[in-house]
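J.: The structure's right below; bear with me while I get my questions together.
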Amino acid sequence: MAKPTTNVNRLEPTKEDQLKDASQAMQEAFAAHGEAINSLLVVIQDLHDSGLLDILHALLNSKEKVASIALEQILKPSVLNTIKNAMTACSMVSKIDPSHVNALGEALVVGLKRGQDNLESGKRVGVFQLAKRCAARM
C-alpha cells in the first residue's frame, strides 16, 4: 500500500513569472481596449496642455489645507443659511401639486408674452390696471 502524502510543496511563482503574467495581461487589455485607451491619453494630454493637470496635482498634494479651507467656508453662517434655505425651498416645492405649478408656469409665459406685446406696441399699463386684472382673475 502507498504511504499518504504528508508534505505538499506549493510552487510559488517567481517575481519574473509574475512580471511576465502582468505584462501579458496588460498587452491583452491594451489590445481589447485600444481605442478607449487612446481617447484617455488624448484627454490626459488636453488636461496637461490646459494646465488643469498641474492644478489637480497641486490640489492633491495639499488636500488637507484645501479641505480645511473648504470646511471653514462651508461653516460660515451665510453659507449655512443658504443651505437651509435651499432645503426649505425644495421641501416647499415638493409639497406643491404639479398641476398648480404647470398652470402657474403657463400663466407666467402668457403674462410675459402680453408684456412683450405691450412694450412693442408702446402701450403702457399702470399699477391700478394690473391690480384690476389680477382681481378679475380671482
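J.: Rank THR82, SER121, GLY105 by how far each Cα sits towards the positive end of the charge dipole of the chain (+1 on Lys, Arg Cβ; -1 on Asp, Glu Cβ) and give me just the farthest.
T.: My answer, from the dipole projection, is SER121.
J.: Fully extended, how many nm does the chain gain between LEU71 and ASN38 (0.36 nm per residue separation, minus their Cα-Cα distance)?
T.: Working: separation 33, 0.36 × 33 = 11.88 nm, distance 3.78 nm.
Fully extending the segment from LEU71 to ASN38 adds 8.1 nm.
J.: Stretch ASN9-ALA107 to full length: gain in nm at 0.36 nm per residue minus the Cα-Cα span? Walk me through the intermediate numbers first.
T.: Working: separation 98, 0.36 × 98 = 35.28 nm, distance 8.30 nm.
Between ASN9 and ALA107, full extension yields 27.0 nm more.
J.: Among LEU60, SER50, ILE96, which residue has its Cα positioned farthest towards the positive end of the charge dipole of segment 21-109, with +1 placed on the Cβ of Lys and Arg, -1 on the Cβ of Asp and Glu, and the dipole taken about the Cα centre?
T.: ILE96
J.: With springs only between Cα atoms under 10 Å, which of ASP49, ASP117, ASP97 fluctuates most in a Gaussian network model of the chain?
T.: ASP117
J.: Post the alpha-carbon centroid distance, segment 21-43 to segment 76-112, in whole angstrom.
T.: When both Cα centres are located, 48 Å separates them.
J.: If you don't mind, another one. Note down the magnitude of the dipole of segment 1-80 about its Cα centre, charges +1 on Lys and Arg C-beta and -1 on Asp and Glu C-beta and zero elsewhere, to the nearest 20 debye. Don't jump to the answer; show the numbers that get you there.
T.: Details: 7 positive and 11 negative charges, 100 e Å.
Once rounded to the nearest 20, the dipole reads 480 debye.
J.: So, one more: Suppose all protein chains stay in the model; what accessible area per residue would a 1.4 Å probe give for segment 5-118, in Å²?
T.: 89
J.: Here is a further query. What residue among LEU119, LEU71, LEU56 has the largest mean-square fluctuation in a Gaussian network model of the chain, using Cα springs under 10 Å?
T.: In this elastic network of the chain, the residue with the biggest mean-square fluctuation among LEU119, LEU71, LEU56 is LEU119.
J.: For segment 1-87, which trypsin sites (Lys or Arg not before Pro) are both in a DSSP coil and crowded by at most 10 other Cβ atoms within 10 Å?
T.: Of the trypsin sites (Lys or Arg not before Pro), the ones in loops of segment 1-87 whose Cβ has at most 10 other Cβ atoms within 10 Å are ARG10.
J.: With a length cut of 15 Å (Cα positions projected on each helix's long axis) and a Kyte-Doolittle mean of at least 0.0, go through the chain and give me the DSSP H helices that pass. Walk me through the numbers on the way to the answer.
T.: Numbers: long enough: 15-32 (25 Å, -0.87); 34-50 (24 Å, 0.46); 63-74 (16 Å, 0.12); 77-95 (27 Å, 0.34); 98-121 (34 Å, -0.23); 127-137 (16 Å, 0.21).
Span-like helices here: 34-50, 63-74, 77-95, 127-137.
J.: OK, next. When the accessible area of segment 75-117 is computed with all protein chains present and a 1.4 Å probe, what percentage of it is carbon and sulfur? Could the numbers behind the result be given before it?
T.: Details: 2610 of 3710 Å².
C and S fraction of accessible area: 70 percent.
The values are calculated or read from the model by the stated rules, or taken from the named source; none is laboratory data. All figures in this text were calculated on a predicted structure; none of them were measured in a lab. So basically every Cβ, Gly included, is an ideal-geometry build from the backbone, and we count neighbours across all protein chains shown. When the accessible area is computed, the model is the full protein with side chains, heavy atoms only, and any ligands, DNA or RNA have been set aside. Shrake-Rupley method; radii C 1.70, N 1.55, O 1.52, S 1.80 Å.
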